Amino acid sequence: NAKCLTTGTQDAHLCVRTLKVGHRVMLNDGAVVLKVTKRVSKEELECEVVVGGVVGERKGINTPELEVPLPALTKKDKADVKFICGADFTDFVALSFVQRPDDVTDLKELMSVCLPDDSVLPKIICKIEKPQALEAIDSILEETDGIMVARGDLGVECSLPMLPGYQKGLIRKANAAQKSVITATQMLESMTHYAAPTRAEVSDVANACFDGTDAVMLSGESAVGKYPIETVEMMAEICIQAEKSQRDYEREQMSVAPPMHFKNRLKFRYAVAHSAVTAAKITDAQAIIFFCMSYEMAIHISKLKPMCPIIIVTFSEKIYKLVAVLYGCTAVLMADNQDQDHKDSDGFLEAIEHTCLKVLGDSIADQNVVFCAHRCPYPSLHNMIRMARFGSATHKKRALKQHRGSVADLIKPELNQTSPKAGDRVELWPLDAKSLPL
């Protein structure tokens with residue numbers, strides 16, 4: 001009953017050439033286990049089925065007892081990189097089977113060559129699924145923009161009972177390094193065939209949230225499963241409830257201190273983000289509104305895990321897309337019309353309020369918020385933190401329009417008819433505090 005199937009593992013022929021009699025071969029994330037019994041030729045092996053099962057097209061191959069000298073970038077990978085760089089529409093690139101930091105730098109160099117001169121490199125997500133990657137994780141985190149805890153291959157390549165510890169350690173290290181982290185594989189596996197998950201799967205997704213992951217990901221459940229929409233809805237609801245219950249506990253222990261290897265400029269950015277989160281906690285703010293043009297700045301504030309939503313306002317469509325994988329962040333894309341709509345800092349703040357209301361509705365209207373900005377077009381707002389009631393910028397502008405006169409216009413009318421001289425007593429009428437908020 002032999003049938004020829006394609007595999008999703010690139011350069012699998014190198015595995016076949018290197019395997020020896022007695023080695024195990026695992027298919028489909030270890031669901032099927034084979035044992036090499038005979039070498040037929042340089043390109044062909046004969047195996048015994050140790051654990052049987054159904055194997056479909058393009059399933060992966062793992063050889064846990066063998067370190068195959070495969071490059072992270074295969075010939076097909078390089079062709080794919082050239083294609084996506086030529087199209088210039090990619091926000092993230094996931095790199096499989098990373099073993100060393102050089103794998104990441106090789107990808108960066110290839111993309112730099114392929115991309116147009118004025119393009120920004122896509123963010124790189126390293127899939128951690130090899131024991132060698134675990135050993136070099138600190139160096140890999142210095143080079144990459146984020147990691148994925150790829151539990152499928154990692155659980156095959158390493159001991160399964162050790163997988164939960166590896167997951168928690170990887171999430172903790174990524175958060176400490178201020179890099180995004182995604183947890184993936186078999187999170188709601190039973191929903192591939194059934195309309196409801198197991199209780200253990202629900203706890204698995206929630207615990208990933210409690211550990212501090214930025215995102216959770218489905219694979220086979222939504223790719224080939226019978227209930228893809230229901231699976232996505234279930235995962236979203238689990239995450240929402242997990243985050244709600246998390247807010248019942250003190251979050252101080254989840255605040256991440258800046259790593260020792262931070263450069264001075266990164267410490268400065270981190271201080272701004274930390275101050276904004278602290279201010280939000282003290283004032284019981286309902287949201288942090290953060291204008292930024294830097295993906296790294298968005299990461300800093302996300303990693304501090306504030307108890308209120310983070311609203312990232314930006315002119316950049318690229319930043320708007322990238323923050324989708326960051327914890328607690330909702331992105332708002334704002335039109336860059338500063339020459340027309342907002343000619344000063346007050347007008348800029350008012351424009352942000354209008355944009356947020358248009359996108360998010362009136363859920364934060366008249367609520368306490370913390371506003372901060374980084375790389376703002378107005379120097380007076382750069383690295384500034386302001387605590388206010390949402391809508392105050394709009395109210396202030398209206399009030400100023402009602403009281404546009406000079407100081408002389410505020411002087412009592414009868415005294416305003418003549419120019420006051422030195423020693424004269426001048427009476428000023430106070431403005432209504434409600435109409436001109438500070």
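The numbers here are math on the coordinates, done by the rules we state, and not lab data. Worth saying up front: this structure is predicted, and the values here are computed from it rather than measured. All Cβ positions, even for glycine, are placed from backbone atoms using ideal geometry, and neighbour counts span all protein chains on display.
In what sequence, highest mean first, do 377-383, 44-50, 140-146, 168-174 appear when ranked by Cβ atoms within 10 angstrom?
So the peptides 377-383, 44-50, 140-146, 168-174, ranked by packing, come out 140-146, 168-174, 377-383, 44-50.
Step through the table entries K76/K321; K123/K226; K123/K173, compare each Cα-Cα distance with 23 Å, and write down the pairs that go over it. Write out the running numbers ahead of the final one.
Details: K76/K321 27 Å; K123/K226 32 Å; K123/K173 18 Å.
Going by Cα-Cα distance, K76/K321; K123/K226 fall outside the 23 Å limit.
Which length gain, in nm to one decimal place, applies between K318 and V50 when the Cα-Cα distance is subtracted from 0.36 nm times their residue separation? Write out the running numbers ahead of the final one.
Values: separation 268, 0.36 × 268 = 96.48 nm, distance 4.85 nm.
Length gained, K318 through V50: 91.6 nm.
Mind listing the Cα extents of the stretch 90-243 along all three principal axes, in Å, largest one first?
48, 33, 28
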